[in-house]
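Enquirer: There's a structure below that I have some questions on.
The values are calculated or read from the model by the stated rules, or taken from the named source; none is laboratory data. Model, not experiment: these values are computed from the prediction. Quick reminder, even Gly has a Cβ in these numbers, built from the backbone with ideal geometry, and neighbours come from all protein chains shown.
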Amino acid sequence: MDGSDYRAVNRPMWDERVPVHVAGEFYDVAGFLAGRPELRDFEVAEVGDVTGRSLAHLQCHIGLDTLDWARRGARVAGLDFSAPAIDAARGIAAEAGIDARFVTADVYDAPAALGARYDIVYTGLGALNWLPDLDRWAAVVASLLEPGGFLHLSEFHPVGDVLDDATGTTVAYDYFDRSPQEWDEDGTYADLGASFAHTRSVEFRHGVGDVVSAVAAAGLRVEFLHEHDHTLFPRFAALERDGRVYRQPAGRPRVPLMYSLRASRPRV
């Protein structure tokens, strides 16, 4: 597969999973409505005070991260290519009494779909692997930012994609393989036992260097790249739960499982 039909494959897969994600324990929508924060501590610390600032969340899925930024004082807009996901996000916003704008559009069409510039563009956590062209994505981000604004990206570390599925300590796959990855699997990360009609998906591998280079080529100035030793789900069978995250057991060598990046658009 050359990956050219990735939207036609991936959209129905994501559409079908929305009801399971809204109802399941992984996203815990009821907990969010009751006041549980959705964002990770490192994201809140790295982004800083968002009071009164405009924020666009690209590939927002059902919008919980978007709405958490709104709770913290941002004026938010979320964008996703799945209409059912955007419908769910609007429903959660209405139930929570949070003012937010949600738009259905492909991420590459975000400038026209959103029709505005923002102080902050936020994205990540399983987003970039669905996109074939990082240079085009970074250009979209740059065009959405006000001068002096910044991108904050949180993402799963690509090192995790090359390690064995059992322990996550042995290299088993090629880090530099950039061919589209086609999968045909039932279930979802939010409910491994769920059954669906649409089981095919197409993903794309990007190294950390690919991401940084694309962001820099778009004219953004990288302020930091932080690597984190935990992840949000049991990516490897040996990982142990530690509150809301998963880590390697004590004494086992650690590897980066997530990373975060902040890059700003120059004022002149």
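Enquirer: Give the residues of the range 60-86 that are farther than 13 Å from Asp15 by Cα and touching a residue at least 60 places away in the same chain (Cβ under 8 Å), sorted by residue number.
Expert: Asp65
Enquirer: Would you mention how many residues in the range 245-268 are over 24 Å from Ala139 (Cα atoms), of a type outside the set (Val, Ile, Thr) and crowded, with 17+ Cβ neighbours inside 10 Å?
Expert: In the first step, residues of the range 245-268 are kept if they are over 24 Å from Ala139 (Cα atoms); the result is 245-257.
Filter once more, keeping what is of a type outside the set (Val, Ile, Thr): 246-254, 256-257.
From what's left, crowded, with 17+ Cβ neighbours inside 10 Å: 246-248, 256-257.
Adding up the residues that qualify gives 5.
Enquirer: Right, next: Can you work out which of the residues in the range 22-66 that are among the aliphatic types (A, V, I, L, M) and in a loop (DSSP other than H, G, I, E, B) is nearest to Tyr189 (Cα to Cα)?
Expert: Only one residue tops the list, namely Ile62.
Enquirer: Also: If you take the residues of the range 106-137 that are over 12 Å from the mean Cα position of the chain (by Cα) and among the hydroxyl-bearing types (Ser, Thr, Tyr), which of them is surrounded by the most Cβ atoms within 10 Å (Cβ to Cβ)?
Expert: Tyr118
Enquirer: Please go through the range 90-128 and give me each residue that is part of a strand (DSSP E or B), in contact with a Lys or Arg (Cβ under 8 Å, 6 or more places away or on another chain) and among the charged types (D, E, K, R), ordered by number.
Expert: Selection gives Asp119 alone.
Enquirer: May I pose another question? Here's a check for you: in the range 1-55, which residue that is touching a Lys or Arg at 6+ places or on another chain (Cβ under 9 Å) and polar (S, T, N, Q) is surrounded by the fewest Cβ atoms within 10 Å (Cβ to Cβ)?
Expert: Thr51
Enquirer: Same structure, new question: Here is a check on your reading of the model: is Asp49 modelled with pLDDT under 95, over 19 Å from the mean Cα position of the chain (by Cα) and more than 18 Å from Ala105 (Cβ to Cβ)?
Expert: Spelling it out, it is not the case that Asp49 is modelled with pLDDT under 95, over 19 Å from the mean Cα position of the chain (by Cα) and more than 18 Å from Ala105 (Cβ to Cβ).
Enquirer: Let me ask something else. Any idea which of (1) exposed (fewer than 15 other Cβ atoms within 10 Å of the Cβ); (2) modelled with pLDDT of 95 or more is the one Val140 doesn't satisfy?
Expert: (1)
Enquirer: Please determine, by comparing only the residues of the range 228-244 that are surrounded by 15 or more Cβ atoms within 10 Å (Cβ to Cβ) and in a strand (DSSP E or B), which one is modelled with the lowest pLDDT.
Expert: Thr231
Enquirer: Given the criterion under 28 Å from Asp15 (Cα atoms) and not hydroxyl-bearing (Ser, Thr, Tyr), identify the matching residue among Asp184, Asp174.
Expert: Of Asp184, Asp174, the one residue that is under 28 Å from Asp15 (Cα atoms) and not hydroxyl-bearing (Ser, Thr, Tyr) is Asp184.
Enquirer: Filter the range 73-105 down to the residues that are surrounded by fewer than 23 Cβ atoms within 10 Å (Cβ to Cβ) and among the hydroxyl-bearing types (Ser, Thr, Tyr) and list them by number.
Expert: The one that is surrounded by fewer than 23 Cβ atoms within 10 Å (Cβ to Cβ) and among the hydroxyl-bearing types (Ser, Thr, Tyr): Thr104.
Enquirer: Can I ask one more? Which residue pairs have Cβ atoms closer than 9 Å, lie 6 or more positions apart in sequence or on different chains, and pair a first residue in the range 157-179 that is part of a strand (DSSP E or B) with a second residue that is surrounded by 14 or more Cβ atoms within 10 Å (Cβ to Cβ) and among the acidic types (Asp, Glu)?
Expert: Val171/Asp164
Enquirer: Among Val140, Val212, which is under 24 Å from Leu55 (Cβ atoms), out of contact with any helix residue (DSSP H, G or I) (no Cβ under 8 Å at 6 or more places or on another chain) and assigned to a helix (DSSP H, G or I)?
Expert: Val212
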